[in-house]
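First up is the structure itself, then whatever we jot down about it.
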Ligand SMILES: [Zn+2]
């Protein structure tokens with residue numbers, strides 16, 4: 001099989017995957033999502049992560065964050081539990097947790113605090 005054909009086939013596959021990955025992005029423009037987001041931010045207008053800091057920081061929330069990453073799951077997207085977040089918390093903390101699978105940080109002994117950190121998961 002000629003290399004150019006293989007490359008074209010690979011590109012076609014990756015275009016298909018990209019389209020699939022992006023399809024859920026359109027859900028953010030639906031009336032149902034905009035209503036859920038508005039309800040969440042009016043119920044809790046402050047960033048929950050900033051409030052949980054010691055001492056608390058009062059920061060207006062601008063993001064309705066999915067507590068469980070929906071990863072394109074329609075039910076989780078439209079019905080999963082939400083949290084109010086400011087953009088810096090959402091963009092750094094939450095997306096870092098989603099990428100790594102656990103929250104960073106450790107106690108005084110150096111042990112990771114996240115119960116789902118690989119060090120804290122019993123084999
Ligand atoms: Zn925040």
- Among (1) out of contact with any strand residue (DSSP E or B) (no Cβ under 8 Å at 6 or more places or on another chain); (2) within 16 Å of the ligand (Cβ to nearest atom), residue 46 falls short only on (1)
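Matching residues to (1) out of contact with any strand residue (DSSP E or B) (no Cβ under 7 Å at 6 or more places or on another chain); (2) assigned to a loop (DSSP other than H, G, I, E, B); (3) within 16 Å of the ligand (Cβ to nearest atom); (4) modelled with pLDDT under 95:
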{"site": "40", "(1), (2), (3), (4)": "no, no, yes, no"}
{"site": "58", "(1), (2), (3), (4)": "no, yes, yes, no"}
{"site": "78", "(1), (2), (3), (4)": "yes, no, no, no"}
{"site": "83", "(1), (2), (3), (4)": "no, no, yes, no"}
{"site": "91", "(1), (2), (3), (4)": "yes, no, yes, yes"}
{"site": "110", "(1), (2), (3), (4)": "yes, yes, no, yes"}
- Query: Is one or more of the residues making up the stretch 93-102 in a helix (DSSP H, G or I) and within 12 Å of the ligand (Cβ to nearest atom)?
  - Reply: yes
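The values are calculated or read from the model by the stated rules, or taken from the named source; none is laboratory data. Every value quoted in this text rests on a predicted model; they were computed, and no experiment measured them. Neighbour counts are summed over all protein chains in view; Cβ atoms, including those assigned to glycine, are modelled from backbone coordinates with ideal geometry.
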